[in-house]
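For reference, the structure is listed below as structure tokens.
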Amino acid sequence: MPYMASLHKQPGKPNWFCAFTTPDGKRHFLSTGTPHRKQAAEICRTWAKASLHGEKLNADKAREIIASGVADVLAASGETLPSATMAEWCKRWLDIKEVETEPTSHTRYQQAIRVFREFLGSAADKNLESITPNMILQFRDDCSCKVSAGTANTNLRIVRSCLNAAQQQGLLGSNPASRVKFLKERGESKRREMTLEEIRQVLKVCEDTPWRGLVLIGLYTGQRLGDCARLTWQQVDLVNKTISFVTRKTGKRLSMRLADPVADYLSALPGVDDPQAFVFPRFAAMAENVTASLSKAFAEQILIPAGLMLPRPKHHASTGKGRKAKRQVNEVSFHSLRHSMVTMLKATGASNAIAQMIVGHDSAAVNAHYTHLSAGDTTESISKLPDVTK
């Protein structure tokens, strides 16, 4: 037996025992926990091999020896040990999620996994079992130095989901990311609603361009940028003054009263023969998969001229911060219109349930982040909203 190890049987005991000597000269006699000689031999060989490293045995080397030993034990039984490198599994997982999720969600998954793989460097080419809780903790903290706590937590949540799937596939004994806590986000968010005066200033900059219609729909429906940009004429009923959505993010269906300012704007647009045609073709094309380019255009063409956002530097060299600098979160964006909608709704006396239903929040906790007030009915509440065009 190599590595100065040997197998033994004790009277009345079914399992084989392993005897091996460590570099300090001590002799060890341990049960392998199996009555099968081939399996016992591989277990014994693995123990002896690990013991030869003595004080030089580190965590990575131990995992390598254990993984190799387990594979040999299974091979002795005619079985194989499923395995994959971190890079291999990330690619496989993203392929799976591409089928299961919407394009926008999949793009976010890709971003988080790309950042994680870049952080791991060469470690991404090692077996999944080599990923430790400490590595995940360092990844979380590295992210927090560059992005907001919310974004860092999202990255951690995605990596945790990726590794959890690997565990379910038998590639991991346990999920190292499950032992890493999320960062506290209290008081960090700088996002806020737009005031009525700011909304009027935005509309002034929009003039009679399609941006005006997009802002009005975002404000009076409380829907996300992508859903507003991809609005089709089929979703609009000008006769009954209703508008319907199936939100891409949640898949929820919503039908609500069309606010007068939106109805007036849409009624003034040229008619179309195709009900499936987009109300804003250019915006729909920009938001086909992700809304980043449309959001950027809104910031540069509307928010900055309206004085609600500072001009962005053309390149990182002007700030000297580079890509490792923590991204500054602007307090006003198209998303601010959702905040404004909820505040206006509740100012009319609309209930929390109505506000949640219209804006699409799943919980009172999320809704509470947007504003605080109460009471009403959808049609009645929307008809009471202020007309920002006057």
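For the reader, a short list of remarks on this structure follows.
- When only alpha carbons are used to place a centre, region 210-274 and region 126-199 end up 35 Å from one another.
- Taking other residues whose beta carbon is less than 11 angstrom from the beta carbon of T107, and scoring Lys, Arg as +1 and Asp, Glu as -1, yields +1.
- Tensor-based shape of region 192-271 (alpha-carbon gyration tensor, a/c under 1.5 rounded, otherwise prolate or oblate): oblate
- Taking all protein chains as shown and a probe of 1.4 angstrom, W16 keeps an accessible surface of around 40 Å².
- FRET efficiency for the pair S105 and S244, taken as 1/(1 + (r/R0)^6) with r the Cβ-Cβ distance and R0 = 25 Å, rounds to 0.65.
- When Y220, Y109 are compared by accessible area at a 1.4 angstrom probe, the order from most to least is Y109, Y220.
- Accessible area expressed per residue, region 142-227, with surrounding protein chains retained (probe 1.4 Å, Å²): 47
- Projected label distance in nm at E88 and R27, using a 7 Å step from Cα toward the beta-carbon: 4.2
- Length released on extending from Q167 to R179, taking residue separation times 0.36 nm less the Cα-Cα span: 2.9 nm
- Which of K9, K91, K346, K390 is most accessible, then next, and so on - probe 1.4 Å: K390, K91, K9, K346
- Carbon/sulfur fraction of accessible area - region 7-54, other protein chains in place, 1.4 Å, %: 57
- Cross-link check: pairs K49/K181; K184/K296; K181/K346 evaluated at a Cα-Cα cut-off of 30 Å; pairs beyond the cut-off: K49/K181; K181/K346.
- Once all protein chains are placed together, D264 keeps about 100 Å² accessible to a 1.4 angstrom probe.
- Were the residues from T209 through Q10 laid out at 0.36 nm apart, the gain over their Cα-Cα distance would be 62.8 nm.
- Inter-site label distance for R192 and A353 at 7 Å from Cα along Cβ, in nm: 3.3
The values are calculated or read from the model by the stated rules, or taken from the named source; none is laboratory data. Here the structure is a predicted model, which means the values were calculated and not measured. Glycine also receives a Cβ, built like all others from the backbone with ideal geometry; neighbour counts cover every protein chain displayed. We work out accessible area using only protein heavy atoms, side chains counted, and drop any ligands, DNA or RNA first. Shrake-Rupley method; radii C 1.70, N 1.55, O 1.52, S 1.80 Å.
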